[in-house]
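A short worksheet on the structure shown next.
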Amino acid sequence: MIWRCGERAFDLAERSLIMGVVNVTPDSFSDGGRFLEPDAAVAHARALLAEGADLIDLGAESTRPGSAPVPPEEQWQRLRPVFEGLAAETGAVLSVDTASALVAQRALAAGARVVNDVSALGDPAMAAVVAEARAGLAIMHMQGTPATMQAAPGYTDVVTEVAAFLAARAAAAEEAGVARAAIVLDPGIGFGKTVAHNLALLARLDALVDLGYPVLVGVSRKGFIGQLLGGRPPADRLLGTAAALAAAVAHGARLLRVHDVAAARDVVTLAEAIARA
Ligand code: HH2
């Protein structure tokens, strides 16, 4: 299965991709404030590339439970020097984690090849911006908004509802001109979901894979891992993350969004080798 982003094409049948996270934010749940300074963000992105990241996902708006939106101009103020600082890394595939079409457009002009939209085209201008740039597009499911999404998540059947939502948003993106081969789908682990909902989505990820698009999963250091491990803080969730990554790969995930790239690379290499055996 080929995934296209800009002029790049990844063969996902060959191997899964590791997307390294760089949060240019003061308040992200696991690394808030560490990479708000542009120099620190650029250095961290370079370090993650050296560890083997296939893509770097740059975001300027935390979407942790309870967080408030960051205005597009402020997002771009944070991101602009980081994209400029990484402009020399011509081989690196950069993704912009934003729900704003304005921010996406500027990032694409500054060299991004992927838009990671946790709002699944909530901004009506987003699909056209992505289509125009022939960029890759990650479409994620979320119930509610970050401000309130963990108050009372509820589904009749989380897996079929998430799959139906993602299929509909992918169809809308294609109608607006985004190439089918540019789209990846993401169940949105932790976005308006209880621990049980997250586990069901990972255990039955095959239902999303069956939609025919590559599946992206973001489990890294997330709250459900902490809850299952007796209240562990984000910094102590590496092995829990590794277990969730292995399960995600076993169930068909082909892109993994992670903070700890070197560790994830090991886990994914082993999980893939076993899946192929
Ligand atoms: N998770 C987060 C942010 N963006 N994008 C996709 N496609 N999938 C995810 O699971 C996902 C995402 C949350 O993680 P993080 O960026 O580390 O935290 P914060 O939102 O607090 O910045």
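Please report the orientation-averaged projected area of segment 1-78, defined via the convex hull of its C-alpha atoms, in nm². Present the calculation step by step, with values, prior to reporting the outcome.
Working: hull surface 25.8 nm².
Convex hull of Cα atoms, orientation-averaged projection: 6.4 nm².
Enter the accessible area of Glu174 (Å², nearest 10), with the probe set to 1.4 Å and all protein chains included.
Near enough 60 Å² of accessible area.
By the scheme Lys and Arg +1, Asp and Glu -1, what is the net charge of all other residues having a beta-carbon under 13 Å from that of Ala248? Intermediate values should be presented prior to the final figure.
Details: positive: Arg204, Lys222, Arg254, Arg257; negative: Asp186, Asp206, Glu272.
Around Ala248, the surrounding residues sum to +1.
Each residue of segment 257-269 in turn: what ³J(HN,Hα) in whole Hz from Karplus with 6.51, -1.76, 1.60 and θ = phi - 60°, glycine and Pro shown as x?
Per-residue couplings from phi come out as 8, 9, 8, 9, 5, 4, 5, 5, 4, 4, 4, 5, 4 Hz.
Out of Pro71, Pro38, Pro146, any idea which swings most in a Gaussian network model of the chain, alpha carbons joined below 10 Å?
Residue with maximal mean-square fluctuation among Pro71, Pro38, Pro146: Pro71.
Need the C-alpha centroid separation for segment 131-148 versus segment 197-230, integer Å.
What the calculation gives is 17 Å, centre to centre.
Can you compute the helix-only [θ] at 222 nm over the chain? Use -39500 (n - 2.57) per DSSP H run of at least 4 residues, normalise by all residues, nearest 500 deg cm²/dmol.
Working: 10 runs with 110 residues, N = 277.
Calculated mean residue ellipticity at 222 nm is -12000 deg cm²/dmol.
Counting heavy atoms of the protein chains only and a 1.4 Å probe, report the per residue accessible area for segment 150-277 as a whole number of Å². Intermediate results must be reported in sequence, preceding the final value.
Working: 5270 Å² over 128 residues.
That works out to 41 Å² for each residue.
If I histogram all Cα-Cα distances within segment 1-157 using bins 5 Å wide from 0, what percent of pairs lands in each bin?
Over segment 1-157, the share of Cα pairs per 5 Å bin runs 2, 9, 18, 22, 21, 15, 9, 3, 1, 0 percent.
Give the carbon-plus-sulfur fraction of the accessible surface of segment 178-237 in %, rounded to a whole number; probe 1.4 Å, heavy atoms of protein chains only. Spell out each step's value before the answer.
Values: 1220 of 2120 Å².
On segment 178-237, the fraction of accessible area on carbon and sulfur atoms equals 58 percent.
So for segment 1-138, averaging the separation of alpha carbon pairs under 8 Å that are six or more residues apart and normalising by length, what relative contact order in percent results? List each step's numbers first, then the result.
On the way: 252 pairs, mean separation 30.6, N = 138.
Rounded, it is 22 percent for segment 1-138.
Given that compact globular proteins tend to follow 2.2 N^0.38 Å, what is the ratio of the alpha-carbon Rg of the chain to that value? Mind dumping the intermediate values first?
Details: Rg = 16.9 Å, N = 277, 2.2 N^0.38 = 18.6 Å.
For the chain, the normalised Cα radius of gyration is 0.91.
Do you know the relative contact order of the chain, to the nearest whole percent, from alpha carbon pairs under 8 angstrom that are 6+ apart? Before the final figure, lay out each step's value.
Details: 563 pairs, mean separation 52.4, N = 277.
Once divided by the residue count of the chain, the mean separation gives 19 percent.
If the elastic network links every pair of Cα atoms under 10 Å, which of Asp206, Asp123, Asp260 fluctuates the most in the Gaussian network model of the chain?
Judging by the Gaussian network model, the answer is Asp123.
Share of segment 1-148's accessible area from carbon and sulfur, percent, 1.4 Å? Write out the running numbers ahead of the final one.
Numbers: 3060 of 5930 Å².
Ligands and nucleic acids excluded, carbon and sulfur give 52 percent.
With +1 on the Cβ of every Lys and Arg and -1 on the Cβ of every Asp and Glu, and nothing else charged, how large is the dipole of the chain about its Cα centre, in debye rounded to the nearest 20?
Working: 23 positive and 30 negative charges, 75 e Å.
It works out to roughly 360 debye.
Sort the following peptides by mean Cβ neighbour count (other Cβ atoms within 10 Å, averaged over residues), highest first: 176-186, 77-87, 5-15. Please report the intermediate quantities before stating the final value.
On the way: 176-186: 20.5, 77-87: 18.9, 5-15: 14.1.
Sorting 176-186, 77-87, 5-15 by mean packing, highest first, produces 176-186, 77-87, 5-15.
First select every other residue whose beta carbon is under 14 angstrom from the beta carbon of Leu201; then total the charges, Lys and Arg +1, Asp and Glu -1. Mind dumping the intermediate values first?
Numbers: positive: Lys193, Arg204, Lys222; negative: Asp157, Glu161, Asp186, Asp206, Asp210.
So the surrounding residues net to -2.
Within 15 Å, Cβ to Cβ, of Arg276, how many net charges do the neighbouring residues add up to if Lys/Arg are +1 and Asp/Glu are -1?
Values: positive: Arg15, Arg254; negative: Asp11, Glu14, Glu272.
So the surrounding residues net to -1.
Residue by residue through segment 87-98, which ³J(HN,Hα) values in whole Hz follow from phi under the Karplus form 6.51 cos²θ - 1.76 cosθ + 1.60 (θ = phi - 60°), with glycine and proline marked x?
Karplus values, whole Hz, x for Gly and Pro: 4, 6, 7, 5, x, 6, 8, 9, 10, 10, 8, 8.
The values are calculated or read from the model by the stated rules, or taken from the named source; none is laboratory data. Only a predicted model underlies this, so the values are computations on that prediction, with no experimental measurement involved. Reconstructed Cβ throughout: ideal geometry from the backbone, glycine too, with neighbour counts over all protein chains shown. Heavy atoms of the whole protein, side chains included, go into the accessibility calculation; ligands, DNA and RNA do not. Shrake-Rupley method; radii C 1.70, N 1.55, O 1.52, S 1.80 Å.
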